[in-house]
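Contents: one structure, followed by commentary.
The values are calculated or read from the model by the stated rules, or taken from the named source; none is laboratory data. Fair warning: this is a prediction, and the values are worked out from it, not measured in the lab. A quick note on method: Cβ atoms are made from the backbone with ideal geometry, for glycine too, and the neighbour counts reach across all protein chains shown.
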Amino acid sequence: MTTAGQDHGGEDRASQGDASQGPIGVFDSGVGGLTVLRALRAALPDEHFIYLGDTARLPYGTKSAETVVRYSLQCAAVLLEREIRCLVVACNTASASALGALRQRHPDLPIVGVVEPGAQAAVAASLSQHIAVIGTEGTIAGGAYESAIHRLNPAARVTARACSLFVALAEEGWIDGPIAQAVARRYLEPIFSPADVSKSPDTLVLACTHFPALERAIRSVLPAQVRIVDSAAATAAEVVRRLRGTPMHRVPLHQAPQHQPARGGITLLATDGAQRFARVGSAFLGEPLPAASVEIVDL
């Protein structure tokens, strides 16, 4: 079954071309990384993408760094079996914990995570260079964003907080309304105190790919001047940059404006729960995903 440029797992791969023009692999612990895939498709509309959601073992954010590295290497191995030519780690926790191990294991494969592009976007957006970062326990505890931001601007001030309940809310589809707003207020009011706006951060990094789904609820409890940075678009731009000027790159970024519809295909893989993946993932990708489009794989 193929609809609107989608390849639902069982299609033949003739339209993808030879190995040098193979697909771009993307993985996340669940469906949150579909926000990154959405940005990638907007930037590279003719490309074929293979997306793997490790839904049987989510969330990664509560796992040890060693476990996240092991899971990430396994996800990459599955995608490499399908002859990907570039790997996008669309998970902040995996980007924080496993990027080095992935690059060491696969030195010839372009590998792009979401942390560095997100940090670059935050430093560029912040006027005061006081930046707040919210993510899962694993991402925040590892300090990856603080390190990335300080490499770009050693004088920057970073306030970080784990907001793990946002993942569950996004997965349940409770992305707005009183429950989502109450959770957002509990997490964010200590950082963005209305009584002390001048000393609060002026930029907030959504350091988890699930969090953009709750942006309305998050925005509703923030001071109006706070900029929100979602690393998905910045990651897509970095993928384009990495592939530009090589035989593997086909569509320059300036030829793929955000409104341009995707024409390439998607192969969707998950490790459990095709129906739930399709139901929840539809909101993240921004288009309907039938459960039949999701191929279950064993890691």
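Among the residues of segment 32-47, is there at least one that is in a strand (DSSP E or B), under 24 Å from VAL229 (Cα atoms) and at pLDDT 95 or above?
Within segment 32-47, the subset in a strand (DSSP E or B) is none.
The answer is no, given that none of the residues of segment 32-47 is in a strand (DSSP E or B), under 24 Å from VAL229 (Cα atoms) and at pLDDT 95 or above.
Just to be sure I understand, how many residues within segment 162-187 are touching a strand residue (DSSP E or B) at 6+ places or on another chain (Cβ under 8 Å) and buried (at least 23 other Cβ atoms within 10 Å of the Cβ)?
Of the residues in that region, 2 qualify.
Could you list, in sequence order, the residues of segment 213-241 that are in contact with a strand residue (DSSP E or B) (Cβ under 8 Å, 6 or more places away or on another chain), of a type in the set (D, E, K, R) and either assigned to a helix (DSSP H, G or I) or over 19 Å from ILE131 (Cα atoms) (or both)?
Correct list: GLU215, ARG219, GLU238.
In segment 269-292, is there at least one residue being in contact with a His (Cβ under 7 Å, 6 or more places away or on another chain) and modelled with pLDDT of 95 or more? So that I can check it myself, show each step before the final result.
The first filter runs over segment 269-292 and keeps only residues in contact with a His (Cβ under 7 Å, 6 or more places away or on another chain), leaving 292.
Filter once more, keeping what is modelled with pLDDT of 95 or more: 292.
Yes, segment 269-292 contains a residue that is in contact with a His (Cβ under 7 Å, 6 or more places away or on another chain) and modelled with pLDDT of 95 or more.
Anything in segment 116-149 that is of a type in the set (Val, Ile, Thr) and at pLDDT below 95? List them, or say none.
Matches in segment 116-149: THR136, THR139, ILE140.
Do we have any residue at all in segment 132-141 that's farther than 19 Å from PRO223 by Cα, touching a strand residue (DSSP E or B) at 6+ places or on another chain (Cβ under 9 Å) and surrounded by fewer than 20 Cβ atoms within 10 Å (Cβ to Cβ)? Give the steps one after another, and end with the answer.
We begin by selecting, within segment 132-141, every residue farther than 19 Å from PRO223 by Cα; these are 135-141.
Filter again for touching a strand residue (DSSP E or B) at 6+ places or on another chain (Cβ under 9 Å), leaving 135-141.
When the remaining residues are screened for being surrounded by fewer than 20 Cβ atoms within 10 Å (Cβ to Cβ), the result is 137, 141.
Yes, that holds for at least one residue.
Enumerate the pairs (first residue in segment 165-182 and among the small types (Gly, Ala, Ser) and in a loop (DSSP other than H, G, I, E, B); second residue anywhere and at pLDDT 95 or above and buried (at least 17 other Cβ atoms within 10 Å of the Cβ)) with beta-carbon separation below 6 Å, excluding pairs fewer than 6 apart on the same chain, so at least 6 apart or on different chains.
none
Take the conditions farther than 30 Å from LYS199 by Cα and without any contact (Cβ under 8 Å) to a residue 60 or more places away in the chain and apply them to ALA124. Does it pass?
no
Being in contact with a Phe, Trp or Tyr (Cβ under 8 Å, 6 or more places away or on another chain), touching a residue at least 24 places away in the same chain (Cβ under 8 Å) and aliphatic (A, V, I, L, M): is that true of ILE149 here?
Criteria not met by ILE149.
Collect the residues in segment 176-188 that are at pLDDT 90 or above and closer than 25 Å to SER282 by Cβ, keeping them in residue-number order.
GLY177, PRO178, ILE179, ALA180, GLN181, VAL183, ALA184
Out of all the residues in segment 39-54, which are over 13 Å from the mean Cα position of the chain (by Cα) and under 28 Å from ARG70 (Cβ atoms)?
Matches in segment 39-54: HIS48, PHE49, ILE50, ASP54.
Count, please, the residues in segment 188-203 that happen to be surrounded by 19 or more Cβ atoms within 10 Å (Cβ to Cβ) and among the hydroxyl-bearing types (Ser, Thr, Tyr).
Within segment 188-203, residues that are surrounded by 19 or more Cβ atoms within 10 Å (Cβ to Cβ) and among the hydroxyl-bearing types (Ser, Thr, Tyr) number 2.
What is the one condition in (1) closer than 19 Å to VAL123 by Cβ; (2) modelled with pLDDT under 90 that ILE191 does not satisfy?
(2)
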